[in-house]
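Bear in mind that the values in this text are calculations on the coordinates, not laboratory data. Computed from a prediction, not measured in an experiment: that's the story for all the values here. Here the Cβ positions follow ideal geometry from the backbone for every residue, glycine too, while neighbour counts run over all protein chains shown.
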Amino acid sequence: MPTLTIDNQQVTVPDGTTVLEAAEQLGIVIPHFCYHKALGAVGACRMCAVTVVEGTFKGLKMSCLVKAEEGMVVTTDDQQSVEFRARVSEWLMLNHPHDCPVCDEGGECQLQEMTIASGHGLRRYTGKKRTYNNQQLGPFIAQEMNRCIQCYRCVRTYKDYCGGKDFGVMGSRNRVFFGRFKDGTLESDFSGNIVDACPTGVFTDKTYRFKSRYWDLQEAPSICPHCSLGCSTVPGGRYGELQRVRSSVNEKVNGFFICDRGRFGSSYVNHPERPRQATRGSWKLTVDEALQQLDVKARELINQHGPESVLLLGSNRASLETNWLLQRWAEEIGCRAPLLSAHLPRHQAAQVAAFDLADRLCSLEKVRQSDLVVAIGADPLAEAPMLGVALRQAVRSGGKVKVFDPRPVELPCDFEKQTVSPTELLDLLDGTSVESKQLVDLLRGAERPVLVAGGLMLGAGGMLRLKKIAAAASNDQRNCLVHPLLGGANSFGAALLSLPEQDDLLTRLESERIKMLVCVETDPLLEAPDNERFAKALSLLEELVVLDYLPTPLSVHANLFIPTTAPVESEGTFINNEGRQQLFAPVIKPRLPISVTGEGNHPPREFIDVAPGSDPIPSWQLFQQLLGEATDLPTLREKMKTAVPRLIDFETLQPGGVSCRVAHVDERCIYTDEIPAAPEESLQLVVTPARYGSDLLSRYSAKLQPRFTEACVQLHPQDAAARGLQDGAKVVLDTVEGPFNLTLKCNDKMAIGCALVENGPKFQQLVPGGKLSFCKVHAGMSHG
Amino acid sequence: MPLLRDIKGFFPPFWVTFRNMFRKPVTVQYPEQMPELPERYRARLVLTRDPDGEERCVACHLCSGACPVDCISMQAAEAEDGRRYASWFRINFARCIFCGLCTEACPTLAIQVTSDFEISKRDPLKLVYEKDDLLVDHCGHNDEYSFYRQAGIGVAAPRGTNPSESAPVDVKDLLP
Ligand code: SF4
Ligand code: SF4
Ligand code: SF4
Ligand code: FES
C-alpha cells in the first residue's frame with residue numbers, strides 16, 4: 001500500500017495502482033484518451049503526461065503506465081507537463097477534420113473537451129490532412145474514420161474485451177485503420193460498445209444518427225429490461241421519443257458495457273401502434289373512467305360469483321411496485337391472490353432462484369472473477385448476452401468455462417462444450433450418476449467456482465437438483481456460487497412476491513368459472529405455453545382487461561384497455577437474476593413524439609396545455625388510484641419494505657447505483673421434476689429464445705429488425721438422415737401443442753435426439769422454458 | 001427666496017424651446033419615412049445559403065444551445081449525399097431578444113441578423129417562423145464561406161479532394 005504525493009496531496013493506494021488512478025482518488029483528473037478502467041492502459045495517446053519529481057524514474061512520464069510507489073512525488077500542473085499535454089492535443093488535431101457541427105459525438109466528445117481544456121484553439125500546421133475511406137458496418141454503427149486519434153480503444157473493446165472477431169486494426173505508420181477487413185455488418189452481439197468506447201466521433205450510433213445533441217437529450221439512470229441480468233443503462237430521449245441507450249457503469253453487474261439487444265432494442269417505446277388511449281371496444285375513455293369501470297365490474301363479479309371469478313395476472317415486465325400493489329388490490333376486492341406470471345414453469349424456476357438458491361447467488365462480477373464457471377442448460381448469448389462477456393473475462397484472467405447444453409452454444413471465448421440432451425442434463429445433476437460425480441469433483445477442484453443455472457432449460461426441478469450439486473461442491477473454505485438465468489427483467493421480483501405455491505394460468509382459466517381476467521403488462525398469448533388453448537379459454541371470459549404499453553395481440557381482444565407507461569417513462573424497481581434490487585428513474589414523459597404529431601415536418605402550430613398521447617400513467621399509480629391511496633413513491637416503498645422484509649431498504653438505494661441483493665430466507669419450494677417417458681421415435685423438444693426478438697420488448701423494437709432470424713427447426717444431421725430429411729427441406733414439427741410447418745436446418749453442434757426451435761418474431765407459437773416434452777419431425781406435405 | 005427662484009426658473013424652458021425651433025428635427029417620420037439603420041443592426045434572423053446555393057445550416061444545434069431564451073428549435077436529418085440539414089427549423093420571434101448570440105455560435109455562418117425589425121404581429125403564433133420563412137436565397141454578410149468545402153467528410157467534394165486534404169490512404173499498404 002504505497003503512499004504518494006500528487007500535487008501536494010497525499011494518498012495511499014493499493015499495490016499496482018497507477019498514478020492516474022491514484023490521482024483520480026484525490027479528485028484530480030489527468031487528461032487521458034487511451035486509458036479506460038475496463039480496458040486498462042496501453043500508453044498509445046501520450047495525453048496523460050505528468051512529471052515524476054521523486055521516484056525510481058524521474059521526469060515526464062505517462063501516468064497511466066507508471067505504478068504508484070512509496071514516497072513518490074508527482075506534479076500534474078507543472079509547466080512541463082501542461083505544455084507537453086497541450087502539444088499532444090495539438091498533434092492529435094493535425095489530421096482531424098473540421099466537422100464537429102455535423103458529428104454526432106459533438107457535445108460529448110472527449111477530444112473536444114481535451115482540446116479546449118489544453119487551450120489549443122488555432123491551427124498552426126498548414127500541411128495537408130490525411131484522409132481515409134469509410135466502411136459500411138451494418139445497421140447499427142456509422143464510421144467516419146477521418147476523426148480517429150489512434151487510441152486503440154475500439155479494438156480493445158470489440159476484440160479483447162467483448163471477443164468479437166471481425167474487427168481490428170490494419171495498416172502501418174500514420175495509416176492505421178480501425179474497422180473490418182471488408183465492408184459488412186459487424187457480427188458481434190456487443191458491437192455497440194465501440195460507440196461508447198471511442199473518445200471521438202469515428203464510431204457513432206447509426207440508429208441515433210443526427211437525432212439530437214447530447215445537451216438536448218433527457219437522460220436518467222435506468223435498468224435494461226431485455227433480460228434478467230438488469231444491466232445499468234442510460235437511455236436518452238427528446239421530443240417524446242426514446243432515441244438511444246448507452247451503457248452505464250455497475251461494477252457488480254454489467255461493468256462498463258452492454259449488449260446490442262439492450263442498446264438497440266429500445267424503440268418499442270416509440271412503436272407507431274403503441275396504444276395510448278383507454279378504450280372499451282371502440283369507445284374512448286379517460287383513464288379515470290376506465291379505472292372506475294374496472295373496479296365496479298370486478299367487485300360486481302366477485303359479489304355475484306365469488307372470489308374465484310376474477311383472476312389478476314402480473315408479470316415479469318411489470319415493476320416490483322406494480323406487482324405488489326396488484327396483490328394489495330386483490331386483497332381489497334376480495335379475489336384470490338394474483339398470478340405473477342403467465343408461464344408457470346418459468347415462474348417456478350425463478351422461485352427456486354429467489355428462495356432455495358438465495359444464499360448462493362452471485363453477481364456477474366463474481367462470474368468475471370471466477371476460475372471455473374460451469375454453465376448448465378444455459379446459452380448466454382440467447383438468454384443473457386452480457387454473461388457471455390463476463391465469461392470471457394473469467395477466461396482472460398486464467399479461468400475455465402465449461403458448458404453443458406443441448407443447443408449449439410457459441411461464446412465469445414474459449415470454452416469446453418459438452419452437448420447433452422435435456423434429459424441427460426437432469427441426469428447430470430442427479431448427484432448419483434458418474435457424470436454428476438465428475439462434475440462435483442471438477443467444482444471441488446476450483447477456488448472460486450460458479451455454476452450458471454439456465455432456468456429456462458432446467459426448470460424448477462433441475463434448479464433444485466443443481467442446488468444439491470452446488471452444496472456438494474462447497475466446503476468450509478468456500479462456497480460454490482450460483483448464477484441463475486431467468487425469464488425476464490423482473491422475474492426474480494415477481495417470484496419473490498408470490499407464494500412458493502402457484503398454480504397454472506391455463507388450468508385455472510379452464511377449470512374454474514373465471515369471468516374476468518386482468519392482465520398487467522403481460523400477454524399470455526405470446527408468453528404462456530400453448531397459446532391456442534389459451535385463446536380458447538379467453539373466449540369463455542365475460543371481461544378481459546389489459547393494462548399495457550405494447551400493442552400486443554392480446555390488447556386487440558381486450559374489452560377494456562388501459563394504457564400504461566414503459567419502464568423509461570416511470571420510476572420503479574426490478575430485481576435481477578441474482579436478486580439485486582435495482583431502481584430506475586424516469587427518462588421521458590409519455591406522449592406522442594413530435595416526429596409523429598408533426599408528421600416529420602415542424603411541430604403543429606397550435607397552443608395546447610396537454611401533449612397529445614400523454615394519457616398513460618405508470619401502472620403502480622393506476623393501482624394506487626384503485627386502492628384509493630395516492631401516496632408518493634417513497635411512502636409506497638416504505639410500506640412495501642414493511643410488508644416484504646426481504647427487500648432492501650429503498651432509502652439506501654438510488655437509480656444508477658450498484659444496489660444490493662435482497663436478503664435470503666428459509667422458505668423452500670417443493671417442486672419435483674418428473675421425466676416423462678419418451679414416445680417412440682420421438683425427439684426431445686428444445687425451445688430456445690432467439691438472440692434478438694424473443695423478449696417482447698425487443699420484438700417490438702424496429703431498430704433490431706435486421707437481426708431477426710428466420711424460423712426453422714434444427715436437427716442433428718444424424719437425426720435428419722435417420723428420417724431421410726435434408727437440410728433446407730420443408731418439414732412438419734409435431735408437438736403436443738400442434739403441428740408447425742418449418743424449414744429444416746441441420747446442425748452438428750447440437751445434441752442428438754433433440755429438435756431445436758427458436759422463439760422469436762418469426763416464430764412465436766412455442767415459448768422457451770416449458771416442461772420436458774417430445775415431438776416428431778417428418779417430411780412436410782409437398783404442395784403441387 | 002422662493003419667489004425669486006420661481007421667477008428665475010420660469011424663463012430657461014422657454015429659451016430652450018425657442019432655441020430649438022430653428023434646428024433641423026431628428027425625429028424620423030416612421031412608418032412614412034424609413035429609418036437608416038447601422039449596417040450591423042441586430043434584428044430579425046435569417047438562414048442564408050452558401051456560394052453554391054445550398055442551405056448553409058447543418059442543424060448542429062449550436063445556435064439553439066447558445067440562445068439565452070431558448071427560442072430556436074430544430075430537427076436534423078441526413079440527405080442522400082450525407083449532407084446534414086434541418087428537416088425543420090423554428091425560431092419563436094415572440095421570445096427572441098435579438099442578442100445575436102446564435103449568429104456568433106454558428107459555425108457555418110448560416111444564421112445571420114438582418115436589419116428587418118418590423119415584425120410585430122397581433123397573433124403571437126404569427127411570430128413563430130418556420131424554416132420556409134427564415135431561409136433566404138443569398139449568402140448574407142459573407143459570400144465566400146462554404147462549410148462542406150472545409151469539413152472534409154466528402155459531402156461537397158469527394159473524400160480527400162478538398163485543397164487542405166491528401167487523397168485517402170491505402171490501409172492495406174505496408175510500405176514505410
Ligand atoms: S476509432 Fe476511436 S476508439 Fe478506435 S482508435 Fe480511433 S479514436 Fe480510438
Ligand atoms: S445482457 Fe441483458 S440486461 Fe444486459 S444489456 Fe443485454 S439484454 Fe440488457
Ligand atoms: S448554429 Fe448555424 S449551422 Fe448550427 S443549427 Fe444554428 S443555424 Fe444551423
Ligand atoms: S492515457 Fe496514458 S498514454 Fe493514453
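Just tell me which lysines come within less than 18 Å, Cα to Cα, of residue A:67; anything on the same chain fewer than 8 places away is out.
A:37, A:58
If you wrap a convex hull around the Cα atoms of segment A:662-726, how much volume per residue is inside, in Å³?
Spelled out: Cα convex hull of segment A:662-726, divided by residues, is 180 Å³.
With a 10 Å Cβ neighbour count serving as the proxy for reagent exposure, in which order, fewest first, do A:170, A:93, B:34 appear?
In increasing order of surrounding Cβ atoms, one gets B:34, A:170, A:93.
For the pair residue A:705/residue A:664, report the inter-label distance in nm, with labels modelled 7 Å from Cα in the Cβ direction.
Distance between label points: 4.7 nm.
If the reach is capped at under 28 angstrom between alpha carbons, list the lysines near residue A:437, excluding any in the same chain fewer than eight residues apart.
A:366, A:400, A:402, A:417, A:467, A:468, A:749, A:771
Which whole number gives the average, over all residues in B:140-153, of C-beta atoms from other chains lying within 10 Å of the residue C-beta?
Per-residue shielding by partner chains comes out at 3.
Between residue A:452 and residues 5 or more places away or on another chain, which pairs have amide H atoms under 5 Å apart, with H built 1.01 Å from N, and which residues are they?
Correct list: A:374, A:375, A:376, A:483.
Would you grab the residues whose amide H sits under 5 Å from the one on residue A:659? Only those 5+ places off in sequence or on another chain, please, with H modelled 1.01 Å from N.
For residue A:659, the qualifying residues are A:654.
For residue A:67 and residue A:433, what does the FRET efficiency come to when R0 = 45 Å and r is the distance between their Cβ atoms, rounded to the nearest 0.05?
0.35
Just to confirm my numbers, what's the Cα centroid distance between segment A:430-463 and segment A:54-115 in Å?
About 49 Å separates the Cα centre of segment A:430-463 from the one of segment A:54-115.
How many angstrom lie between the C-alpha centres of segment A:494-539 and segment B:91-117?
Cα centroid to Cα centroid, the span is 60 Å.
In whole Hz, with x marking every Gly and Pro, tabulate ³J(HN,Hα) for segment A:10-21 from phi via Karplus 6.51 cos²θ - 1.76 cosθ + 1.60, θ = phi - 60°.
8, 8, 10, 10, x, 3, x, 6, 8, 4, 4, 5
With the Cα gyration tensor of the protein assembly as shown in hand, give its eigenvalues times 5 under a square root as the equivalent ellipsoid semi-axes, listed largest first in whole angstrom.
Equivalent ellipsoid of the protein assembly as shown: 56, 39, 29 Å, largest first.
Based on the mean of other beta carbon atoms within 10 Å per residue, what is the order of B:11-20, A:338-347, most packed first?
Per-residue mean Cβ counts within 10 Å order the peptides as A:338-347, B:11-20.
Equivalent ellipsoid semi-axes for segment A:683-779, as square roots of 5 times the alpha carbon gyration tensor eigenvalues: give them largest first, rounded to whole Å.
In descending order the semi-axes read 23, 14, 11 Å.
Of the DSSP beta bridges with both residues in the protein assembly as shown, give the percent that are antiparallel, rounding to the nearest 5.
60
Which cross-chain or sequence-distant (5 or more) residues have an amide H under 5 Å from the amide H of residue A:673, H modelled 1.01 Å from N in plane?
none
If you take the Cα Rg of segment A:347-489 and divide it by 2.2 N^0.38 Å, with N the number of residues, what do you get?
This ratio for segment A:347-489 stands at 0.92.
Can you run phi through the Karplus equation (6.51, -1.76, 1.60; θ = phi - 60°) for segment A:530-545 and list ³J(HN,Hα) in whole Hz, with x for Gly and Pro?
After applying 6.51 cos²θ - 1.76 cosθ + 1.60, I find 6, 6, 5, 4, 5, 4, 5, 4, 4, 5, 7, 6, 8, 9, 10, 10 Hz.
Quick one: Debye curve from the C-alpha atoms of segment A:3-92, no solvent, what's log10 I(q)/I(0) at q = 0.19, 0.24 Å⁻¹?
So the normalised log intensities work out to -0.79, -1.26.
Counting alpha carbon pairs within less than 8 Å and at least 6 residues apart, what relative contact order, in whole percent, applies to segment A:550-640?
Relative contact order of segment A:550-640: 24 percent.
Counting other C-beta atoms within 10 Å, and keeping those with at most 12, which DSSP coil trypsin sites (Lys or Arg not before Pro) do you find in segment A:488-577?
Taking segment A:488-577 and a limit of 12 other Cβ atoms within 10 Å, the loop trypsin sites (Lys or Arg not before Pro) found are A:513.
Net charge near residue A:416, counting Lys/Arg +1 and Asp/Glu -1 over other residues with Cβ under 13 Å of its Cβ?
Cβ neighbours under 13 Å give a net charge of +1.
Under 1.5 on a/c is rounded, so check that first for segment A:425-485, then, if it is not, pick prolate when a/b is larger than b/c and oblate when it is not; a ≥ b ≥ c are the square roots of the alpha carbon gyration tensor eigenvalues.
Since a/c reaches 1.5 but b/c is at least a/b, the shape of segment A:425-485 is classed as oblate.
Residue-wise, which Karplus ³J(HN,Hα) couplings in Hz belong to segment A:555-567, taking 6.51 cos²θ - 1.76 cosθ + 1.60, θ = phi - 60°, and x for glycine or proline?
5, 5, 7, 5, 6, 10, 10, 10, x, 10, 9, 6, x
Just to confirm the filter: which GluC sites (Glu not before Pro) across segment A:209-286 are DSSP coil and have at most 11 other Cβ within 10 angstrom of their Cβ?
A:273
If you wrap a convex hull around the C-alpha atoms of chain B and split its volume per residue, what is the figure in Å³?
That works out to 248 Å³ per residue.
What does the structure give for B:157-170 when I average, per residue, the other chain Cβ atoms found within 10 Å of the residue Cβ?
That average works out to 5.
Give the residues of segment A:24-39 whose amide nitrogen is closer than 14 Å to a point set 7 Å from the Cα of residue A:169 in the direction of its Cβ.
A:33-36
Order by neighbour count: A:271, A:483, fewest other Cβ atoms within 10 Å first, most last.
A:271, A:483
Counting other Cβ atoms within 10 Å, which trypsin sites (Lys or Arg not before Pro) in segment A:1-76 have at most 15 and lie in a DSSP loop?
Those that pass, being in a loop and sparsely packed, are A:37, A:58.
Provide Rg and Dmax in Å for segment A:543-702, with only Cα atoms included in the calculation.
Here Rg and the maximum Cα pair distance are 21.4, 71 Å.
Per-residue Cβ counts within 10 Å, from other chains only, averaged over B:72-79: what number is that?
4
Expressed as cubic angstrom per residue, what is the convex hull volume of the alpha carbon set of segment B:1-55?
178
Return a whole-number percent for the relative contact order of chain A, with Cα pairs under 8 Å and 6 or more residues apart as the contact set.
13
Just need the relative contact order of segment A:681-780 here, percent rounded to a whole number, with Cα pairs under 8 Å and 6+ apart.
Here the relative contact order equals 45 percent.
Can you tell me which aspartates and glutamates have their Cα less than 18 Å from the Cα of residue A:284? Leave out same-chain residues fewer than eight positions away.
A:273, A:295, A:543, A:548, A:615
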